[in-house]
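*Asks:* First the structure, then my questions, so here it is.
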Amino acid sequence: MARIKLTKQVESLENVLEKLEQKIAEKQEKIDEIEERAEEMERDLTAAEEKRIVKLQEEIEELEDEQNNIEYALDYIREYAEDY
């Protein structure tokens, strides 16, 4: 059987994965900045800061779910392409 070429699709999904990784890193940096600022001021996090961190963590989890789904799709595409 002829091997199916899915290079463009794979590259596109890999680019999406890269962007998701960047977004996750940016959100984690924001969390770190909030925590470091409170630590530098030798105080506990404010309620607003805690709320912001929780929101950022939820956003990270959503992005990680998307990332996992895309990785699964990539694995499936690669396996499919190898079989045909």
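*Asks:* Give the number of residues within region 5-57 that are free of Cβ contacts under 8 Å to residues at least 24 places away in the same chain and among the hydrophobic types (A, V, I, L, M, F, W, C). Please lay out each step first, then the result.
*Replies:* First pass over region 5-57, keeping only residues free of Cβ contacts under 8 Å to residues at least 24 places away in the same chain: 7-8, 11-12, 15, 18-19, 22, 25-26, 29, 32-55.
Add one more test, that the residue is among the hydrophobic types (A, V, I, L, M, F, W, C), and what stays is 25, 34, 38, 41, 45, 47-48, 53-54.
Of the residues in region 5-57, 9 are free of Cβ contacts under 8 Å to residues at least 24 places away in the same chain and among the hydrophobic types (A, V, I, L, M, F, W, C).
*Asks:* For residues in region 56-84 being more than 15 Å from the chain's Cα centre (by Cα) and open to solvent by 70 Å² or more (accessible area, probe 1.4 Å), which is nearest to Lys8 (Cα to Cα)?
*Replies:* Arg78
*Asks:* Take region 1-55 and flag every residue that is touching a Phe, Trp or Tyr at 6+ places or on another chain (Cβ under 7 Å) and either open to solvent by less than 70 Å² (accessible area, probe 1.4 Å) or under 16 Å from Glu71 (Cα atoms) (or both).
*Replies:* Ile4
*Asks:* Just the residues that are under 27 Å from the mean Cα position of the chain (by Cα) and of a type in the set (A, V, I, L, M, F, W, C), please, taken from region 40-55. Let's see the steps before the verdict.
*Replies:* Applying the first criterion (under 27 Å from the mean Cα position of the chain (by Cα)) to region 40-55 yields 45-55.
Those that are under 27 Å from the mean Cα position of the chain (by Cα) and of a type in the set (A, V, I, L, M, F, W, C): Leu45, Ala47, Ala48, Ile53, Val54.
The values are calculated or read from the model by the stated rules, or taken from the named source; none is laboratory data. Fair warning: this is a prediction, and the values are worked out from it, not measured in the lab. In this analysis, Cβ positions are derived from the backbone assuming ideal geometry, glycine residues included, and neighbour counts consider all displayed protein chains. Quick note on the areas: whole protein, heavy atoms, side chains included, nothing else; ligands and nucleic acids left out. Shrake-Rupley method; radii C 1.70, N 1.55, O 1.52, S 1.80 Å.
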